Amino acid sequence: MVNLASRWSPTDYARNAAFVPALGDEALRLLNPQPGELILDLGCGDGALTQRIVEAGASVIGIDSSQEMVEAARARGIDAFVGDAEAMDLGRFGAFDAVFSNAALHWMLDADAVASGVFKALRPGGRFVGEMGGEGNLLALRGALRDELSMRGYEMPEQDPAWYAGIEEFTRLYCVAGFSEVRAELIGRPTPLPGGVAEWVRTFRAGVMDVAMVPEWERDDIAAAVEARVAPALRRPDGTFCADYVRLRFAMKRPE
């Protein structure tokens with residue numbers, strides 16, 4: 001089931017979200033891709049980080065739910081496909097030495113189905129490594145957007161359309177799926193927003209505003225209002241903004 005709140009423009013993403021792959025260094029080091037390995041990048045986006053796995057000498061297949069982002073990844077030369085990780089047989093591409101995912105798992109709301117699919121896609125002894133939004137992620141920004149939309153009369157789902165797991169919940173789910181040596185940690189990471197909060201809202205929450213049925217003509221006003229709401233908490237002395245990101249970084253193996 002594709003999460004309708006996860007909608008992306010490659011142009012906006014390149015302009016306002018370049019920090020996402022740029023901050024993937026630690027997860028990439030944890031993956032430690034080796035020449036000749038077959039690796040699946042789950043939620044590859046525009047392929048910016050996928051490309052670095054290829055440069056390490058691995059063979060990589062990218063999967064993403066966004067046709068536009070897959071096309072952007074293919075433009076980089078990535079072997080990328082449109083797919084829903086909650087519903088497809090990831091093993092159809094072969095038995096992977098590793099599965100990698102950065103800043104994508106939290107948009108996949110059927111976490112059990114994803115865990116099962118990744119497990120089946122890995123060869124025995126294969127590893128699953130990555131990073132996602134974790135418990136407490138974007139509390140200020142998400143709260144401000146919800147409050148602004150509610151004040152304007154828009155209906156929001158009771159739960160935000162993202163899965164920001166805690167360590168215990170995440171570890172239990174992947175152990176039940178069959179993985180061993182599951183390691184997870186929460187990392188607070190205040191992240192500078194080069195375009196400010198308004199641009200972040202337009203880029204990262206376009207799909208949320210789709211779900212709330214916000215017309216295009218009102219979205220710029222809402223984005224500016226959200227920026228004003230969070231300014232006391234997230235604006236730095238130099239006038240720039242930091243987002244209140246919390247990441248969950250993880251690594252695990254499929255038993256031999």
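Here, each number is a calculation from the coordinates, and none is a lab measurement. No experiment lies behind these values; they were computed from the predicted model shown. Because the Cβ atoms are built from the backbone with ideal geometry, glycine has one as well, and the counts that use them run over all protein chains shown.
Packing-based ranking of 94-104, 230-240 yields 94-104, 230-240, ordered from highest to lowest mean Cβ neighbour count within 10 Å.
Quick one, which of (i) 56, 45, 29; (ii) 74, 44, 35; (iii) 53, 38, 35 is the actual Cα extents along the principal axes in Å calculated for this model? Looking at Cα extents along the principal axes in Å for this model, the match is (iii). What shape does region 150-207 take by its C-alpha gyration tensor, where a ≥ b ≥ c are the square roots of the eigenvalues and a/c under 1.5 counts as rounded, a/b above b/c as prolate, and the rest as oblate? Oblate, since a/c reaches 1.5 and b/c is not below a/b.
Basic side chains Lys and Arg get +1 at the Cβ, acidic Asp and Glu get -1 at the Cβ, and with that the dipole of region 110-177 about its Cα centre reaches some 420 debye. Computed over region 80-223, the percent of Cα pairs more than 26 Å apart is 37.
Counting alpha carbon pairs within less than 8 Å and at least 6 residues apart, what relative contact order, in whole percent, applies to region 100-187?
Details: 73 pairs, mean separation 34.1, N = 88.
Relative contact order of region 100-187: 39 percent.
How much of the pair distance distribution for region 26-110 lies past 17 Å, counting alpha-carbon pairs only, in percent?
Value for region 26-110 (Cα pairs over 17 Å): 41 percent.
For Ala165, nonlocal amide neighbours, meaning residues 5 or more places apart or on other chains whose placed amide H falls under 5 Å from its own, are Glu135. Scalar couplings 3J(HN,Hα) for region 70-80, obtained by applying the Karplus form with A = 6.51, B = -1.76, C = 1.60 to θ = phi - 60°, are 4, 5, 5, 5, 5, 5, 8, x, 7, 7, 10 Hz; x denotes Gly and Pro.
For region 177-234, the Kirkwood radius over C-alpha pairs fed into Stokes-Einstein at 20 °C and 1.002 mPa s yields D = 155 µm² per second. One Cα centroid belongs to region 153-216, the other to region 58-131; the line between them spans 18 Å. Dividing the radius of gyration of the alpha carbons in region 146-256 by their Kirkwood radius gives 1.09 for Rg/Rh.
Based on C-alpha pairs under 8 angstrom that are at least 6 apart in sequence, region 32-170 has a relative contact order of 21 percent.
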